[in-house]
Amino acid sequence: MPQIDQIAATYGSQIFWLLLTFGITFFVIGLGMFPKIQGTVDARDKRIADDLEAARTANVTADELEESYRVKMENDRSDAQALVEASKAKANAAAEKRKAKSNADIAAKVAAAEADIKARAGEALKEIETVSAEVAQDMVAKISGAKVTKAAALKETKAALKHG
Amino acid sequence: MATEEGKIDPMYQFEVQTIFEGFSLGGQQIALTNSAVWMMVSVIALWAFMLGGMKRELVPGRWQMMVEGFTGFIDNMMDANIGPAGRKYAPYVFSLFMFILFSNVLGLLPVGVLGLHPFTVTSHLTVTGVLAILSFSIVLIVGFAKHKLHFFSLFIPDGTPLPMIPFIFIVELLSFLVRPFSLALRLFVAMTAGHILLKVLAGFVINSSNAGAGYGVLVGIPSFALMIGISALELLVAVVQAYVFALLTSLYINDAENLH
């Protein structure tokens, strides 16, 4: 096995070159490059953690905004509802008032018309009585030749009309 | 693979060859060897890989994602095994993991096709031994610096009955002292065994084909099919061994950092 056969002759150079090359590895790569790469990775990890944190904060803010928006929406809706309710009541009251006024007007008109009708009916009746009395007076004069006063004829006619 | 008189040596791949004589240091010749070149290749490949992850973009591209996957993997491992205190050891464990991983995987690359000589740095006991001793030293230094002599209580688990303490102490001390050896041997053996197996099977393919078309079909093709499977397995082993080395190092550091 050359590793052991040659050990006495080569250990000096083997150890020398190994210490030299491994020393370079340790000082240049281990101490020079390795921490820089570690730093890059750490910086990236920190950046990712920070970004995640920022995203979480933004999410919370968005949730709060949404909540406040929802509350405001709810309030606005109930305000609008109240407004609608109030105007409806107001409109109803106005309509009611107008209706009552119209009813009163109509009733007054009807009453006036009825009174007119009654008056005219009375007049017509009086006319009929007068005409009837004259007719009766004439009829009596023609048939019996007796003269009946206008007043008597009217009285009789009225009585007859009353009995129908 | 050296072919001497038609013989294929599966161990040849582990031979350290001198490319450039270099200099002498304390009686030892410090030569530029193929092993040293592959270590440098590992470091350069690792550096190039990491450079792709240095764009530091907020939204990473594919390459940056890949690099961050590795760093995140080690970060998670340190966090899971040591806790918040583990972050300061992450650069060391990361370097260890990536260096072993790149050496393991580069050693598996079929660069022999291009005429190059593949060499797995981590299949050498010297290399894995040094890495294991480094990890073990960190455990010792951290342990004694943080807990002083109280660190020895690591060898006495909670709730040990008084008469058992001497025995348990010795057993635990031994298991503690064996750690660097097991750490070094595990990686060395795993890498060596896999590479020998692949070279032996490749030798079967070549030798049986040389012996005739019939042998080639009968032995060579099944061996080749097996090599494909074992190559996939070796790739897995390369990753798993790097992971195990890093994981055990982090567990041992945890013992020192968070003494029970």
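Rule-based calculations on the coordinates, nothing more; no lab input. Here the structure is a predicted model, which is why all the values come from computation and not from measurement. With ideal geometry, Cβ positions are generated from the backbone for all residues, glycine too; neighbour counts draw on all protein chains shown.
So which of B:GLY220, B:GLY203, B:GLY194, B:GLY229 is touching a strand residue (DSSP E or B) at 6+ places or on another chain (Cβ under 7 Å) and on the phi < 0 side of the Ramachandran plot?
So the residue among B:GLY220, B:GLY203, B:GLY194, B:GLY229 that is touching a strand residue (DSSP E or B) at 6+ places or on another chain (Cβ under 7 Å) and on the phi < 0 side of the Ramachandran plot is B:GLY203.
Which residues, taken from the stretch A:1-13, are more than 7 Å from every other protein chain (Cβ to nearest Cβ) and either among the hydroxyl-bearing types (Ser, Thr, Tyr) or on the phi > 0 side of the Ramachandran plot (or both)?
Answer for the stretch A:1-13, where residues must be more than 7 Å from every other protein chain (Cβ to nearest Cβ) and either among the hydroxyl-bearing types (Ser, Thr, Tyr) or on the phi > 0 side of the Ramachandran plot (or both): there is none.
In contact with a strand residue (DSSP E or B) (Cβ under 6 Å, 6 or more places away or on another chain), part of a helix (DSSP H, G or I) and facing another protein chain (nearest Cβ under 7 Å): which single residue out of A:PHE22, A:PHE34, A:PHE16, A:PHE26 fits that description?
Within the list A:PHE22, A:PHE34, A:PHE16, A:PHE26, the selection yields A:PHE16.
Just to be sure, is B:PHE152 touching a Leu at 6+ places or on another chain (Cβ under 7 Å), aromatic (Phe, Trp, Tyr) and assigned to a helix (DSSP H, G or I)?
no
Within the stretch B:109-118, can one find any residue that is part of a helix (DSSP H, G or I) and within 11 Å of chain A (Cβ to nearest Cβ)?
No, because not a single residue in the stretch B:109-118 is part of a helix (DSSP H, G or I) and within 11 Å of chain A (Cβ to nearest Cβ).
How many of the residues in the stretch B:56-80 are buried (at least 21 other Cβ atoms within 10 Å of the Cβ) and either of a type outside the set (Asp, Glu) or over 28 Å from B:PHE188 (Cα atoms) (or both)?
The number of residues fulfilling the criteria is 5.
Does the stretch B:35-43 contain at least one residue that is in contact (Cβ under 8 Å) with a residue 40 or more places away in the chain, in contact with a His (Cβ under 7 Å, 6 or more places away or on another chain) and either surrounded by 15 or more Cβ atoms within 10 Å (Cβ to Cβ) or within 11 Å of chain A (Cβ to nearest Cβ) (or both)?
yes
Can you tell me which residues in the stretch B:171-216 are within 25 Å of the chain's Cα centre (by Cα) and among the aromatic types (Phe, Trp, Tyr)?
B:PHE176, B:PHE181, B:PHE188
Based on this model, can you work out whether B:ILE30 counts as within 12 Å of chain A (Cβ to nearest Cβ), β-branched (Val, Ile, Thr), crowded, with 16+ Cβ neighbours inside 10 Å and more than 22 Å from the chain's Cα centre (by Cα)?
yes
Which members of the stretch B:143-156 meet the condition of being surrounded by 11 or more Cβ atoms within 10 Å (Cβ to Cβ) and within 22 Å of B:GLY86 (Cβ to Cβ)?
B:GLY143, B:PHE144, B:LYS146, B:HIS147, B:HIS150, B:PHE151, B:SER153, B:LEU154
Given B:LEU58, B:LEU46, which one is part of a loop (DSSP other than H, G, I, E, B) and within 7 Å of another protein chain (Cβ to nearest Cβ)?
Result: B:LEU58 is the single residue among B:LEU58, B:LEU46 that is part of a loop (DSSP other than H, G, I, E, B) and within 7 Å of another protein chain (Cβ to nearest Cβ).
From the residues in the stretch B:2-21 that are touching a helix residue (DSSP H, G or I) at 6+ places or on another chain (Cβ under 7 Å) and in a strand (DSSP E or B), which one is nearest to the other protein chains (Cβ to nearest Cβ)?
B:ILE19
Mind telling me which of the residues A:ARG56, A:ARG47 ends up being in a helix (DSSP H, G or I), on the phi < 0 side of the Ramachandran plot, within 9 Å of chain B (Cβ to nearest Cβ) and surrounded by fewer than 12 Cβ atoms within 10 Å (Cβ to Cβ)?
Being in a helix (DSSP H, G or I), on the phi < 0 side of the Ramachandran plot, within 9 Å of chain B (Cβ to nearest Cβ) and surrounded by fewer than 12 Cβ atoms within 10 Å (Cβ to Cβ) holds for just one of A:ARG56, A:ARG47, which is A:ARG47.
Taking the stretch B:168-219 as the region of interest, how many residues are of a type outside the set (D, E, K, R) and under 30 Å from B:LEU134 (Cβ atoms)?
So the answer is 28.
For the stretch B:166-182, state whether one or more residues are surrounded by 19 or more Cβ atoms within 10 Å (Cβ to Cβ) and either over 30 Å from B:LEU108 (Cβ atoms) or hydrophobic (A, V, I, L, M, F, W, C) (or both).
No, every residue in the stretch B:166-182 fails to be surrounded by 19 or more Cβ atoms within 10 Å (Cβ to Cβ) and either over 30 Å from B:LEU108 (Cβ atoms) or hydrophobic (A, V, I, L, M, F, W, C) (or both).
Is it true that A:GLU114 is in contact (Cβ under 8 Å) with a residue 12 or more places away in the chain, within 30 Å of A:LYS158 (Cα to Cα) and surrounded by 10 or more Cβ atoms within 10 Å (Cβ to Cβ)?
No.
May I ask you to list the residues in the stretch A:122-164 that are among the hydrophobic types (A, V, I, L, M, F, W, C) and surrounded by fewer than 10 Cβ atoms within 10 Å (Cβ to Cβ)?
Matches in the stretch A:122-164: A:ILE143, A:ALA146, A:ALA151, A:ALA159.
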